[in-house]
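Read-outs throughout are calculated quantities, based only on the coordinates presented, and are distinct from any laboratory measurement. Values in this document were obtained by computation on a predicted structure and should not be read as measured data. We place every Cβ from the backbone using ideal geometry, glycine too, and count neighbours over all the protein chains shown.
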Ligand code: HEC
Ligand code: HEC
Ligand code: HEC
Ligand code: HEC
Ligand code: HEC
Ligand code: HEC
Ligand code: HEC
Ligand code: HEC
Ligand code: HEC
Ligand code: HEC
Ligand code: HEC
């Protein structure tokens, strides 16, 4: 199991690295490019597979006609239908013999000293008591929850009492094959669902005990949260130590508020068809912050009323900015963002620069980094890049807007008052008239001298 987790960890680390290196400039085009790249890779792989298999078929037919010394090297074409769905991990190299059977004294279990299938093979008693002559009953059914077939004494549904080609005398060479021989719905689910939770694909007993456990569904720990963080130690640390915790995780279903423990077909085993729809299942009403009772807007309503959505929201991915498991940053953001209207400017304090060029703010003069300029004078710089600079929220909304382009908000909240910004766009610039100053104009081609 350790080895498995380690293996998966290495794989996921590689993936994360790939993602990190590939995702520094997420734009729609970029995504499309990435998608296309992935598709091309997949297509190439598929083509290669095809050519490989047709080649090997050609070679096999060739060797069948004229056997050559090289025949042994020719790989045999594998027929899909003969491949087992589950890896036969449990196959033992040597046949497993149950010691009392191996000892040859059949009468520990049978009435007859020489039981024969055609004659008398009556048992001295029925399982499970038969087995409890030697095995500890407490280990098999001593805990709060006992697995159906164990409670029914059907030990032989899973174990052969004499011998087996599989470890633990099991009747199947793979745990999942064993479990799904009765739990057929789960078997169907495994066959047809994408994004199955890796430990589920591996073996059911990573989480469920086959006999008995103290937690519902014979789980090795409480399945809402404790079980999950047994393996996901990084999440345990995050949910316990984050300054801004997510109320979602403290709801009765814990991790299962958002994730299904086996999988749903959706990425990350989410219980909705996109991250955004997951979030909006709860954020469809005003909520209160646990830490201080502060009111949080009804995000579903906000997005419905403001259909010009910010890029990552168009992609349905709120988790590009927020960490659903909590964070030390304001509003559980993945990177910092100032909590206040004014802040000393520092590029490190703005999650925005994960995707947008910071020079759009920090270059005093520019002809390229921003359109918010009067001639070459950068008005982002004027407003934002200083001690007590205005934070982006003074002018932009980060989720959705409606009235103005460029995600400019209609009203800016200053203290308790909402001031309208009254933005007017022109082909080469614009103007606004917030409470802070009278209407001022900017023009990228013919800089305007604002007198007031
Ligand atoms: C640990 C207990 C145990 C021992 C020891 C044991 N058996 Fe069995 N045997 C069983 C059980 C339980 C069944 C019934 C299996 C079932 O109902 O599916 C069985 C069934 C049988 C059967 C009939 C079904 C079959 O699998 O062919 C034969 C024959 C048999 N045993 C022979 C033997 C012989 C011979 C020995 C001694 C070499 C022996 N057993 C030792 C538990 C035992
Ligand atoms: C006469 C005593 C005896 C009886 C009765 C008995 N067992 Fe065992 N069983 C053993 C011994 C001894 C071992 C080996 C223990 C070990 O390796 O730790 C064993 C091992 C096993 C194992 C583990 C095999 C492995 O490869 O690790 C299973 C499973 C098992 N028994 C199931 C059963 C079942 C099911 C029954 C009832 C049908 C049963 N036993 C009845 C003595 C018994
Ligand atoms: C649903 C299938 C299933 C049933 C029913 C079942 N077992 Fe098991 N048993 C398993 C599996 C799977 C393992 C291997 C667990 C592992 O390797 O961690 C196992 C392991 C064992 C072992 C060896 C390891 C250990 O935990 O001691 C013994 C002994 C055993 N079972 C006895 C029994 C007895 C006795 C019964 C009936 C009371 C029984 N089993 C019923 C699936 C089952
Ligand atoms: C011989 C058939 C059989 C096999 C094999 C079997 N189970 Fe079960 N399982 C049952 C039965 C019967 C129940 C009880 C169903 C109920 O209470 O509704 C059950 C119940 C469960 C439950 C609780 C479900 C609930 O709704 O309460 C879980 C979890 C479970 N099994 C997991 C497993 C795992 C994991 C394996 C493989 C190690 C396995 N089962 C193998 C027959 C089997
Ligand atoms: C990562 C841990 C994990 C693994 C691995 C796992 N399960 Fe579960 N399983 C759970 C949890 C957690 C629940 C409880 C769900 C709940 O609280 O509603 C559960 C519930 C169940 C149930 C009862 C509820 C239901 O979904 O029907 C069955 C049956 C079950 N599991 C079977 C299996 C089988 C079969 C496998 C292997 C193919 C397996 N599980 C692998 C964690 C796991
Ligand atoms: C036995 C160990 C184990 C347990 C218990 C476990 N997981 Fe996992 N989980 C893994 C491994 C291994 C991976 C794959 C590597 C990774 O992404 O960390 C994984 C992956 C995931 C993923 C990412 C899936 C994807 O599509 O990328 C999520 C989400 C997840 N687990 C949630 C949970 C939840 C929720 C629970 C509790 C119900 C849970 N895990 C319990 C081992 C476990
Ligand atoms: C509010 C919904 C929500 C809850 C509750 C939640 N998660 Fe997640 N989880 C997500 C989302 C969304 C993602 C995808 C994140 C991303 O793409 O950056 C995710 C991703 C994951 C991953 C994959 C690795 C990663 O960080 O991207 C794991 C593992 C995971 N969650 C485990 C857990 C565990 C364990 C719990 C309970 C302690 C839990 N989650 C609770 C929403 C949730
Ligand atoms: C199961 C319900 C639920 C789901 C699903 C959910 N949330 Fe929350 N969220 C809450 C609750 C309750 C609060 C308020 C309590 C708190 O966290 O302090 C909250 C608070 C927040 C906050 C404010 C946190 C702070 O510290 O100020 C943000 C941001 C947030 N959620 C984003 C998300 C995102 C993004 C998603 C989707 C990945 C999501 N939520 C999914 C229930 C949920
Ligand atoms: C581009 C980054 C970004 C994305 C994507 C994003 N948010 Fe936010 N979110 C923020 C920032 C920044 C704040 C802080 C806003 C403020 O205080 O002015 C915030 C604040 C919030 C709040 C608290 C609102 C309040 O009333 O103070 C919630 C709830 C929230 N986001 C949920 C979501 C949900 C749900 C999604 C996906 C639909 C999402 N966010 C997507 C950046 C983002
Ligand atoms: C004083 C108001 C104001 C503040 C504060 C502000 N912006 Fe802007 N921003 C604008 C205006 C007005 C435009 C539209 C310029 C145009 O196209 O005419 C704009 C445009 C943008 C654009 C579109 C591309 C461009 O530069 O033309 C981005 C991206 C942007 N702002 C990001 C930010 C970020 C990030 C912050 C905070 C670090 C921020 N803005 C702070 C007013 C502001
Ligand atoms: C995860 C990447 C990402 C992050 C982080 C991000 N943005 Fe954006 N932003 C985009 C994308 C993609 C677009 C283009 C699509 C659109 O118009 O929304 C965009 C567009 C904009 C625009 C409008 C540009 C225009 O000319 O219409 C503004 C303004 C903006 N972002 C401000 C911000 C601010 C302020 C932040 C920090 C709170 C931020 N963004 C964080 C990805 C991001």
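Taking a ≥ b ≥ c as the square roots of the eigenvalues of the alpha-carbon gyration tensor, the range 311-366 is classed oblate because a/c is 1.5 or more while a/b is no larger than b/c. Cα centroid separation, the range 211-287 to the range 130-207: 26 Å. Restricting the calculation to Cα atoms, the range 221-331 yields a radius of gyration followed by a Dmax of 14.4, 45 Å.
When each of 108, 382, 449, 200 is scored by the number of other beta-carbon atoms lying within 10 Å, the sequence from fewest to most is 449, 108, 382, 200.
Exposure proxy shown here: for 395, 106, the number of other Cβ atoms within 10 Å sets the order, fewest to most, as 106, 395.
Shape analysis of the range 372-425 based on the Cα gyration tensor places the equivalent ellipsoid semi-axes at 19, 16, 10 Å, largest first. Put in order of Cβ neighbour count within 10 Å, fewest first, the listed residues 309, 103 become 103, 309. Fraction of C-alpha pairs exceeding 15 angstrom in the range 335-443: 65 percent, rounded to a whole number.
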